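I have placed the structure first, in the form of structure tokens, so that the comments after it can refer back to it.
The values are calculated or read from the model by the stated rules, or taken from the named source; none is laboratory data. Computed from a predicted structure; not experimentally measured. Cβ placement follows ideal geometry from the backbone for every residue including glycine, while neighbour counts extend to all protein chains displayed.
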Amino acid sequence: MDLGLQGKVALVTGASRGIGKAVAQTLINEGCRVAICARDGERLRAAVHDLSHGKNNGDVIGVSTDVTDEAAVQQFVATAHKTFGRIDILVNNAGTHLRGTVDTTTLDILNRQLRDKVFGFFAMIQAVLPIMRGQKDGRIVNVIGQAARHPHPDRFPSGVTNAACMALTKSVADAVARDNIRVNAVCPQYIESELLASLIDKEMRERKVDRATASAGFSRANPLGRTGTPEEVADLVSFMVSDSANFIAGSAVSIDGGYHRYVFG
């Protein structure tokens, strides 16, 4: 299927690894020019090298950016706009995952989680909206974990933060739809990543089991009986920002092997 992304310009945050890097690679494969950002400059440079296959072809740039820093966000967007001349797509992926319960979560922990994700998403959206409105076209996808729908007691910060991101997505989507800017969310769960690996390591330590046993607890959590890959999430994101999804706005699409228990959404 031709997704109609040839020549589009995409910004992807938190793209030095995992889902963000996979999204950037898939968009490049579809013909996009891509600007990526992350906090870790060394890891970001390595990602740009990988995404450009070691060639200075100009299709991908990286800007070290902390998305909680409004000035840094504005600089990232301005650099991408100056380099490529337009901005068609924003994929908000940057954010931390801090675990805690209602008893162990401190205000500092909750504040950090909210700033990294809710404030970061909001800052990026505000920065690109004037450009997208000027073009009378834009596509924004927020990558939001399923904790928004299923807030586990031991993932209190993530549940609160992701629920806020869902509200942000719908509110912004309704506000800018008539500007021909489509805003949606993609909700992954149990995707093979450094985060999932760390959770499996934690299970091994706490339950004193081997990796296969600890991993099985995650793969059994959904009807498909396996974990997902960053590339599968990237395929969904690419569809959501494509011309084939032009009538989808303000939606949150699950990609979790059937983990979610809502009939709709």
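Structure notes:
- Annotation: D116 fulfils all but one of (1) assigned to a helix (DSSP H, G or I); (2) surrounded by fewer than 20 Cβ atoms within 10 Å (Cβ to Cβ); (3) among the charged types (D, E, K, R); (4) assigned by TED's automatic domain parsing to the domain that holds R39; the unmet one is (2).
- Test: residue in the stretch 121-131 that is closer than 21 Å to I255 by Cα, touching a strand residue (DSSP E or B) at 6+ places or on another chain (Cβ under 7 Å) and touching a residue at least 60 places away in the same chain (Cβ under 8 Å): no
- Options A78, A22, A72, A15; residue that is within 20 Å of V128 (Cβ to Cβ) and surrounded by 18 or more Cβ atoms within 10 Å (Cβ to Cβ): A15
- Filtering L98, L114, L110, L90 for residues that are within 26 Å of V160 (Cβ to Cβ) and more than 18 Å from the chain's Cα centre (by Cα) leaves a single hit, L110.
- For the stretch 159-182, the tally of residues that are under 30 Å from T105 (Cα atoms), surrounded by fewer than 20 Cβ atoms within 10 Å (Cβ to Cβ) and of a type in the set (A, V, I, L, M, F, W, C) stands at 5.
- You will find that of T104, T83, the residue that is over 17 Å from the mean Cα position of the chain (by Cα) and modelled with pLDDT under 95 is T104 and no other.
- Residues located in the stretch 135-156, provided they are of a type in the set (A, V, I, L, M, F, W, C) and assigned to a helix (DSSP H, G or I): A147, A148, F156
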